[in-house]
Amino acid sequence: MNRVCYRLSLTEGLNVTKSTRGEPLIVLEGVEKFFGGFQALHAINLTVFSGEVVVVIGPSGSGKSTLCRCINRLETIDAGQIMIDGERLPEEGRALARLRAEVGMVFQSFNLFAHKTALENVTLGPTKVKGIPRETAERRGRELLDRVGVGAKASSYPAQLSGGQQQRVAIARALAMDPKVILFDEPTSALDPEYIAEVLDVMAGLARDGMTMVVVTHEMGFARRAADRVVFMADGRILEEGTPEVFFGSPGTQRARDFLARVLTH
Ligand SMILES: Nc1ncnc2c1ncn2[C@@H]1O[C@H](COP(=O)(O)OP(=O)(O)OP(=O)(O)O)[C@@H](O)[C@H]1O
Ligand SMILES: [Mg+2]
């Protein structure tokens, strides 16, 4: 086992020592994905270690969302294999439901239930899928809403919340299932600029607390400060991976240099 210690300077004056690299938690080997005749993923090999924050970046259409959806089994794969915590992803049935509960997902579009309050959104999974008693789920749900800074909005409906608040409820909902890993697919892309920082701060807090995270984002500042590893994808392939220092400091491919030149100057 390889233990690495990083010092992350998240905000001025606050240095957090973060140790990463536990056991392999997600392992993709030779994963290929086709949509009809179009190949969206080519021979993807990727290991995410327990406690690690992997940020996935790359141009539009490079396969980032497809990668997340395959890890969560929202899409089937055509070749290779995906293991979560040593278990091969099951095809269907109860084993799949259980494994899915272990992999949280936060989407660009929040996906909250419109006719349920913030608290109900957070307690639904634990009570319905995990059979946790309502009172216990509500107590935990309130704690989680507090943790993401929307405790005062427990009784509000999604339409009564800002985008940033809705996304933080969505993060609390993912946490409520006690997942082993959370996948974030562009969680701030649909937000008005003034709400982006509050969501990224919650995510940085989770990272600091040791949550294993795979984050697709265009927020390069977040990648720099919170990622243990940056994965760069283009045309359905992983072209580069490395620490933020190495990737941003000296990207090894022309594709990555072109991509960074575009996103860092726009
Ligand atoms: N359900 C689908 N049917 C057909 N093609 C698809 C489907 N989903 C994705 N694709 C194609 O697969 C490729 C990868 O798409 P994907 O959504 O994973 O890209 P992405 O990197 O997430 O892009 P973006 O940054 O725009 O979100 C694209 O060319 C896309 O058109
Ligand atoms: Mg996408």
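The values are calculated or read from the model by the stated rules, or taken from the named source; none is laboratory data. In this text the structure is predicted, and so the values were computed from the model without any measurement. Neighbour counts are summed over all protein chains in view; Cβ atoms, including those assigned to glycine, are modelled from backbone coordinates with ideal geometry. Surface areas here come from the heavy atoms of the whole protein model, side chains and all, with no ligands, DNA or RNA. Shrake-Rupley method; radii C 1.70, N 1.55, O 1.52, S 1.80 Å.
Do you know the relative contact order of region 102-198, to the nearest whole percent, from alpha carbon pairs under 8 angstrom that are 6+ apart?
47
In what order, largest first, do Thr253, Thr212 sit by accessible area if the probe radius is 1.4 Å? It would help to have the intermediate numbers written out before the result.
Values: Thr253 35, Thr212 5 Å².
The most accessible residue leads, giving Thr253, Thr212.
Which whole-number percent gives the relative contact order of region 17-137, counting Cα pairs below 8 Å spaced six or more residues apart? Walk me through the numbers on the way to the answer.
Values: 139 pairs, mean separation 26.7, N = 121.
Across region 17-137, relative contact order equals 22 percent.
Place +1 on the Cβ of every Lys and Arg and -1 on the Cβ of every Asp and Glu in the chain, take the dipole about the Cα centre, and give the residue among Ser250, Pro179, Leu145 whose Cα lies farthest towards its positive end.
Going by the Cα projections, it comes out as Leu145.
Between Asp146 and Ala97, what is the FRET efficiency for a Förster distance of 35 Å, r being their Cβ-Cβ separation, to the nearest 0.05?
After rounding to 0.05, the efficiency reads 0.80.
What number comes out for the charge environment of Leu124, summing +1 per Lys or Arg and -1 per Asp or Glu over other residues with Cβ under 13 Å away?
Working: positive: Lys116, Lys128, Lys130, Arg134, Arg140, Arg173; negative: Glu120, Glu138.
Overall, the nearby charge balance is +4.
Carbon and sulfur together cover what percent of the accessible area of region 69-227 at a 1.4 Å probe radius?
Details: 3360 of 7280 Å².
Carbon plus sulfur share of accessible area: 46 percent.
Would you compute, for the Cα atoms of region 113-228, the largest minus smallest coordinate along each principal axis and list the three values in descending order, in whole Å?
Answer, in whole Å and largest first: 40, 30, 19 Å.
In this model, which of Lys116/Lys153; Lys64/Lys130; Lys33/Lys64 are farther than 23 Å apart at the alpha-carbon?
On the way: Lys116/Lys153 12 Å; Lys64/Lys130 29 Å; Lys33/Lys64 12 Å.
Over 23 Å Cα-Cα: Lys64/Lys130.
Enter the accessible area of Thr217 (Å², nearest 10), with the probe set to 1.4 Å and all protein chains included.
We get 0 Å² for Thr217.
Which of the listed residues, Pro133, Ser60, Leu74, is farthest toward the dipole's positive end in region 59-135, when Lys, Arg count +1 and Asp, Glu count -1 at the beta-carbon?
Pro133
In a shell of Cβ-Cβ distance under 15 Å around Ala256, excluding Ala256 itself, what net charge do Lys and Arg (+1) and Asp and Glu (-1) give?
Details: positive: Lys64, Arg224, Arg229, Arg237, Arg255, Arg257, Arg262; negative: Asp235, Glu240, Glu241, Glu245, Asp258.
Taking every Cβ under 15 Å from that of Ala256, the sum is +2.
For the chain, calculate the relative contact order in percent as a whole number, restricting contacts to Cα pairs under 8 Å that are 6 or more residues apart. Intermediate results must be reported in sequence, preceding the final value.
Details: 497 pairs, mean separation 62.8, N = 266.
Relative contact order of the chain: 24 percent.
What accessible area, in Å² to the nearest ten, does a 1.4 Å probe give for Leu28?
Leu28 has an accessible surface of roughly 0 Å² with all protein chains in place.
Could you pull the accessible area for Asp178 with a 1.4 Å probe, rounded to 10 Å²?
For Asp178, solvent-accessible area is about 90 Å².
Note the full-extension length gain between His218 and Asp85 as 0.36 nm times their separation in residues minus their Cα-Cα distance, in nm to one decimal.
Numbers: separation 133, 0.36 × 133 = 47.88 nm, distance 2.78 nm.
Computed gain between His218 and Asp85 is 45.1 nm.
Summing +1 for each Lys or Arg and -1 for each Asp or Glu, what net charge is found among the other residues whose Cβ lies under 12 Å from the Cβ of Leu96?
Working: positive: Arg73, Arg88, Arg94, Arg98, Arg100; negative: Glu87, Glu91, Glu92, Glu102.
Spelling it out: positives minus negatives among the neighbours equals +1.
May I have the pair-distance distribution P(r) for region 64-124, computed from all Cα-Cα distances with 10 Å bins from 0 and rounded to whole percent?
For region 64-124, the pair-distance distribution reads 18, 45, 28, 8, 0.
Work out the length of the dipole vector of the chain about its Cα centre, built from +1 on the beta-carbon of each Lys and Arg and -1 on the beta-carbon of each Asp and Glu, and round it to the nearest 20 debye. Don't skip to the end; give the middle numbers.
Working: 32 positive and 32 negative charges, 87 e Å.
Using only the charged Cβ atoms, the result is roughly 420 debye.
What whole-number value in Å² describes the accessible area per residue of the chain for a 1.4 Å probe? Display every interim value, and only then the final one.
Numbers: 12440 Å² over 266 residues.
Here the residues of the chain average 47 Å² of exposed surface.
Calculate log10 I(q)/I(0) of the chain for q = 0.13, 0.16 Å⁻¹, where I(q) comes from the Debye formula with a single equal point scatterer on each Cα and nothing for solvent.
Listed by q, the Debye log ratios stand at -0.87, -1.32.
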